[in-house]
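To start, the structure under review is shown below, and the notes come after it.
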Amino acid sequence: SREAAFTYAITAAGVAHAVTAACSQGNLSNCGCDREKQGYYNQEEGWKWGGCSADIRYGIEFSRRFVDAREIKKNARRLMNLHNNEAGRKAHKRQEGIWTSSRAHLILGQPPPGAGGNTFTEPRMHIHDEREVLEERMKLECKCHGVSGSCTTKTCWTTLPKFREIGYILKEKYNAAVQVEVVRASRLRQPTFLKIKQIKSYQKPMETDLVYIEKSPNYCEEDASTGSVGTQGRLCNRTSPNADGCDMMCCGRGYNTHQYTKVWQCNCKFHWCCFVKCNTCSERTEVFTCK
């Protein structure tokens with residue numbers, strides 16, 4: 001389902017992000033800073049690598065070996081999970097960018113979705129989604145060096161984005177997830193690759209797409225077979241236009257209004273010695289639950 005795709009993607013991205021951060025902070029013994037980012041990167045412009053650049057490639061590779069290892073069975077679910085894993089990791093991919101200040105975060109640009117082709121040699125569905133998001137959001141931070149505040153040289157290093165940023169990206173991918181079906185192209189009729197379901201040709205999903213095989217259940221209604229508990233009886237916000245609002249939460253069924261008196265201790269004071277005396281306050285209030 002879409003929800004499974006998102007779960008796999010953000011899990012793989014989270015592993016890559018956490019391991020990379022731990023390496024940069026010196027918390028792991030077998031990894032550290034990115035050793036390739038040393039010396040002058042652009043001598044004409046006077047900036048060179050310095051500090052500790054986050055080694056996102058190590059984090060991504062660790063995520064592949066750790067998260068993808070559980071996908072053993074050669075079935076359609078495996079293809080889906082591996083694809084989504086990889087898409088999540090791509091959220092950290094480093095891109096080119098533009099200077100914004102003398103001490104700047106260089107917000108790295110992004111290539112068009114799916115750059116590099118729509119095909120993939122190894123079926124990786126959940127994996128694909130999370131790690132790539134990481135790579136695309138890497139940032140370049142620089143510091144100026146020079147006399148009297150001049151910027152004769154710049155020292156730069158790459159840093160990880162905040163993981164919440166990765167979460168927002170994957171949430172957008174969740175909303176635009178693509179339904180796929182498996183193609184059995186081998187003689188043994190084993191699942192070989194995934195194709196977009198609504199297209200007659202064998203078009204594969206983009207590597208940055210989150211993909212799912214089965215449609216999500218109707219979360220508005222209770223369904224024990226799918227684990228959906230429905231929204232009947234759920235508290236909702238009558239004035240909110242968002243997911244917690246009664247209009248959306250109650251799926252158009254309307255809501256019930258409950259009035260009650262809220263009682264609590266208030267205006268408490270400490271008296272010597274030694275006790276606390278409080279008044280009793282009350283308030284008439286309303287709560288709303290879905291029909």
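The values are calculated or read from the model by the stated rules, or taken from the named source; none is laboratory data. The structure displayed is predicted, hence computed values, not measured ones. With ideal geometry, Cβ positions are generated from the backbone for all residues, glycine too; neighbour counts draw on all protein chains shown.
Below is a table of values for the structure above.
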quantity	calculated
Those residues of segment 198-216 which are in contact (Cβ under 8 Å) with a residue 24 or more places away in the chain and either farther than 21 Å from THR11 by Cβ or surrounded by fewer than 13 Cβ atoms within 10 Å (Cβ to Cβ) (or both), in sequence order	GLN203, LYS204, LYS215
When residues of segment 1-37 are limited to those that are in contact with a Lys or Arg (Cβ under 8 Å, 6 or more places away or on another chain) and either farther than 30 Å from TYR219 by Cα or modelled with pLDDT of 95 or more (or both), the one surrounded by the most Cβ atoms within 10 Å (Cβ to Cβ)	ALA16
Number of the condition not met by GLU221 [criteria: (1) exposed (fewer than 11 other Cβ atoms within 10 Å of the Cβ); (2) within 22 Å of ALA177 (Cβ to Cβ)]	(1)
Strands (runs of 3 or more DSSP E) enclosed by segment 183-291 - at least 1 residues per element that are closer than 23 Å to ARG2 by Cα and of a type in the set (Phe, Trp, Tyr)	193-196
Some residue of segment 143-157 being among the hydrophobic types (A, V, I, L, M, F, W, C) and part of a loop (DSSP other than H, G, I, E, B)	yes
